[in-house]
Amino acid sequence: MKKYLLLISLIVVAIGLLANEMPQFRLPNEAGKNVNLEDILGKGPVIVDFWADYCQPCKQAMPAFTELQKKYETLTVVLVSLDAPKSQARAKSYIKSKAYDFITLYDPDKTLAKKLNVSEPPHTFILSPEGKIVFEHKGYTAGTEKEYEAQIRSVLGLKDHEDCDGSGNCGDCDGDHDHDHGEGQVHKDTLKSESQEKENHKPCTNNH
């Protein structure tokens with residue numbers, strides 16, 4: 001009975017969160033300049049990803065964010081570091097070494113994280129241009145970016161890739177692109193071990 005009530009409570013919280021807009025915040029970027037919610041809205045869909053330097057799945061997701069940002073020019077990617085002040089130098093160095101073109105913010109006190117019930121990274125939100133939370137996801141495995149892209153396309157009013165006939169009529173497809181989602185992709189996915197999938201999918205716990 002207790003488990004049932006807990007499940008109901010979690011569902012209610014999740015529904016309530018997704019029905020809400022992104023809460024207001026004021027966080028410093030890598031240069032120490034404060035950035036607020038209005039600064040990241042208005043251009044198009046926004047990915048807000050909570051990460052930390054110790055979190056390997058967080059780092060594995062970043063190249064996918066870069067590819068999405070290249071593909072959808074109105075997409076804004078915001079990384080919110082949960083690293084403690086003593087670890088922020090490593091986090092900044094990592095982002096710089098990879099030349100990622102993201103908005104990087106720092107929330108060491110978890111002020112914004114607590115408002116969004118974020119406990120461990122990676123924890124990702126997708127926002128509409130108006131700031132409404134349209135999608136939330138915990139953890140990351142290879143392929144999760146497809147879920148992100150589907151949500152981005154929905155916000156932009158584009159057709160799903162499954163509706164693309166290869167003729168260039170699906171919004172942003174070129175006729176000569178390969179959109180095969182068949183046996184080759186399925187076979188590739190099945191090569192991953194279950195243990196790796198489970199390990200990568202779990203949010204990170206800070207043991208540092």
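G157: surrounded by fewer than 15 Cβ atoms within 10 Å (Cβ to Cβ), more than 17 Å from the chain's Cα centre (by Cα) and not β-branched (V, I, T), yes or no?
For G157, the condition - surrounded by fewer than 15 Cβ atoms within 10 Å (Cβ to Cβ), more than 17 Å from the chain's Cα centre (by Cα) and not β-branched (V, I, T) - is met.
Can you spot a residue in the range 104-111 that is among the hydrophobic types (A, V, I, L, M, F, W, C), in contact with a Lys or Arg (Cβ under 7 Å, 6 or more places away or on another chain) and modelled with pLDDT of 95 or more? Step through it out loud before you land on a result.
Taking the range 104-111 first, the residues among the hydrophobic types (A, V, I, L, M, F, W, C) are 105.
Filter again for in contact with a Lys or Arg (Cβ under 7 Å, 6 or more places away or on another chain), leaving none.
Within the range 104-111, none of the residues are among the hydrophobic types (A, V, I, L, M, F, W, C), in contact with a Lys or Arg (Cβ under 7 Å, 6 or more places away or on another chain) and modelled with pLDDT of 95 or more.
Among the residues of the range 69-87, which ones are of a type outside the set (V, I, T) and surrounded by fewer than 17 Cβ atoms within 10 Å (Cβ to Cβ)?
K70, K71, E73, A84, P85, K86, listed by residue number.
Can you name every residue in the range 105-132 that is more than 16 Å from L75 (Cβ to Cβ) and part of a strand (DSSP E or B)?
Selection gives L105, Y106, H123.
Just need a number here: residues in the range 71-118 that are in contact (Cβ under 8 Å) with a residue 60 or more places away in the chain, more than 18 Å from K33 (Cα to Cα) and basic (K, R).
Number of matching residues: 2.
Answer yes if at least one residue in the range 69-86 is assigned to a helix (DSSP H, G or I), farther than 15 Å from P203 by Cα and of a type in the set (D, E), and no otherwise.
Looking for residues that are assigned to a helix (DSSP H, G or I), farther than 15 Å from P203 by Cα and of a type in the set (D, E), one finds none in the range 69-86, hence no.
Could you identify the single residue in E130, E21 that is modelled with pLDDT under 95 and touching a strand residue (DSSP E or B) at 6+ places or on another chain (Cβ under 9 Å)? Even if it seems obvious, please write down each step before you answer.
On the way: E130 fails: modelled with pLDDT under 95.
After applying the criteria, what remains is E21.
Of all residues in the range 34-56, how many are over 11 Å from the mean Cα position of the chain (by Cα), crowded, with 20+ Cβ neighbours inside 10 Å and under 21 Å from E120 (Cβ atoms)?
Final tally of qualifying residues: 3.
Does the range 136-146 hold any residues that are more than 16 Å from P203 (Cβ to Cβ) and either among the acidic types (D, E) or within 9 Å of the chain's Cα centre (by Cα) (or both), and which are they?
Answer for the range 136-146, where residues must be more than 16 Å from P203 (Cβ to Cβ) and either among the acidic types (D, E) or within 9 Å of the chain's Cα centre (by Cα) (or both): just E145.
The values are calculated or read from the model by the stated rules, or taken from the named source; none is laboratory data. Because the structure is predicted, anything quoted here is derived from the model rather than measured. Glycine gets a Cβ as well: all are built from the backbone with ideal geometry, and neighbour counts include every protein chain shown.
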